[in-house]
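Here the structure comes first, spelled out in structure tokens, and everything after it is commentary.
The values are calculated or read from the model by the stated rules, or taken from the named source; none is laboratory data. Note that this is a predicted model, so its numbers are computed, not measured. Note that we place each Cβ from the backbone using ideal geometry, even for glycine, and neighbour counts take in every protein chain shown. Accessible surface is based on the protein model in full, side chains and every heavy atom, while ligands, DNA and RNA are left aside. Shrake-Rupley method; radii C 1.70, N 1.55, O 1.52, S 1.80 Å.
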Amino acid sequence: MDPYEPDGLSEAQSAAIRRSIAGGRGALTRRSLLRASGAGALGLGALAALAGCGIPPARRDGGGENADDHSAKERTVVFSNWTEYMDVGDDNTSRPSLAAFTRRTGIKVKYTEDINDNVEFFGKIRPQLAAGQSTGRDLICVTDWLAGRMISLGWAQKLDTALLPNAYARLSAQFRAPDWDPGRAYTYPWTGISTVIAYNIKATGGKTVDSVSQLLDDRSLKGRVGLLTEMRDTVGMALLDLGKDPARFTDDDYDSALARLQKAVDKKQIRRFTGNDYTSDLGKGDLAACLAWAGDVIQLQADNPDIRYAIPAAGYLTSTDNLLIPAGARRRANATRLIDYYYEPAVAARLAAYINYVCPVDGVAAELARIDPALASNALIVPDKAMAARSHAFRSLTSEEEKAYEEKFAKLIGA
């Protein structure tokens, strides 16, 4: 029996998980390419827990809201996050923003970087959540699909809006209404992750590449175009180019986008489908242009002046990593205060200056300019209103849709 083929997952879904962990969304860089982890570390339980990145109907009886809150007596908060996803001091060990939070509130933060990918982490905490037990964590940071799954299962704490004055007032409009958490009742974004077009201006002969149509049809780029092995990113960008909204598309829309991509594959326009290993090929010019994640682009540009990016007029995709209080957390109020703290512009600016992903906090630009004017003017970190208006999210999928779409996409990319 294939260890990556637990009940409920098709072969295509299992393959998609392996790709994501090895070099896709599950291995997105957090400033220094440290996020990737081997799929071999995952067992059946972790993969089975993912069975349908869409939102399942199952729900645990009860809910996290029933747990007692010990915040007043226990002046601490346990926070699990990704590696390289928090500001550090000049000594490379201290956490200045967390230390400042403790000085102000008296709440100590036990901060751990024990999230290497969503699937593995979900496998760690799922048994406790399913049993109605505490995970030992008060606050976690998970990607949008997993946040939505936990909310649907009743494994997330509803937030106390009275403790979120900054977050409520300053959350950027583009992140306010995800379909998996309407009104942000359970989560607030830590960062946004944008899918854009990147190109090597030397490799394109000075030509700007600013649309998916160019990637798929421009003969001068033939054999030097990269698309992503992540279905949502590649198909989502193709949907936008066809004038379809990734938040509201139909099965027919999906098939039309796939047919468009297949045509480009058949005429050998596409060099290959990649995870985040496109960074090396783009830097060398082996890829002239590709779909890329904005955080990677910022890092590439720091070392290579030939790397450029474009936001298609048709729009681009943005996903989020989100702060969520898991069911059974002992110190909900303390965790909520920490969420709100990171929505203060000065604090958000320090964080954005370090991690270089989209900051979801309105009003951060002025504070960020005090740290680094170049970062404050970088639309990949602080989108202006026009850019934010072109941001789109890929809608939540049912388990049936997830299975069908991944199977079709696997055929397209030869997986």
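Determine whether segment 118-132 contains at least one residue that is under 18 Å from Pro178 (Cβ atoms), modelled with pLDDT of 95 or more and in contact with a Pro (Cβ under 8 Å, 6 or more places away or on another chain). No, segment 118-132 has no match at all. Residues in segment 181-201 that are among the polar types (S, T, N, Q) and under 22 Å from Leu351 (Cα atoms): Thr187, Thr191, Ser194, Thr195. Where residues in segment 317-340 are over 21 Å from the mean Cα position of the chain (by Cα) and open to solvent by 10 Å² or more (accessible area, probe 1.4 Å), which of them is farthest from Pro127 (Cα to Cα)? For segment 317-340, the residue satisfying everything is Arg337. Of everything in segment 350-366 that's touching a residue at least 24 places away in the same chain (Cβ under 8 Å) and part of a helix (DSSP H, G or I), which residue is surrounded by the most Cβ atoms within 10 Å (Cβ to Cβ)? The selected residue is Ala352. Among the residues of segment 300-316, those that are out of contact with any Asp or Glu (no Cβ under 6 Å at 6 or more places or on another chain) and surrounded by fewer than 18 Cβ atoms within 10 Å (Cβ to Cβ) comprise Gln301, Ala302, Asp303, Asn304, Pro305, Asp306, Ala313.
Scanning segment 239-298 for residues being assigned to a helix (DSSP H, G or I), open to solvent by less than 30 Å² (accessible area, probe 1.4 Å) and within 22 Å of Ala313 (Cα to Cα) gives a total of 13. Of all residues in segment 85-108, those satisfying the criterion of being closer than 18 Å to Thr191 by Cβ, in a loop (DSSP other than H, G, I, E, B) and touching a residue at least 60 places away in the same chain (Cβ under 8 Å) are Tyr85, Met86, Asp87, Val88. Has segment 230-240 got any residue that is under 24 Å from Tyr405 (Cβ atoms), in contact with a Lys or Arg (Cβ under 8 Å, 6 or more places away or on another chain) and at pLDDT 95 or above? Among the residues of segment 230-240, at least one is under 24 Å from Tyr405 (Cβ atoms), in contact with a Lys or Arg (Cβ under 8 Å, 6 or more places away or on another chain) and at pLDDT 95 or above, which makes the answer yes. Among the residues making up segment 367-415, those that are of a type in the set (Asp, Glu) and either surrounded by 19 or more Cβ atoms within 10 Å (Cβ to Cβ) or assigned to a helix (DSSP H, G or I) (or both) are Glu367, Glu400, Glu401, Glu402, Glu406, Glu407. On the given criteria, is Asp91 over 24 Å from the mean Cα position of the chain (by Cα), surrounded by fewer than 20 Cβ atoms within 10 Å (Cβ to Cβ) and either within 17 Å of Thr336 (Cβ to Cβ) or at pLDDT 55 or above (or both)? Yes: the conditions hold for Asp91.
For Tyr343, the test of being of a type in the set (Ser, Thr, Tyr), open to solvent by less than 10 Å² (accessible area, probe 1.4 Å) and under 16 Å from the mean Cα position of the chain (by Cα) is failed.
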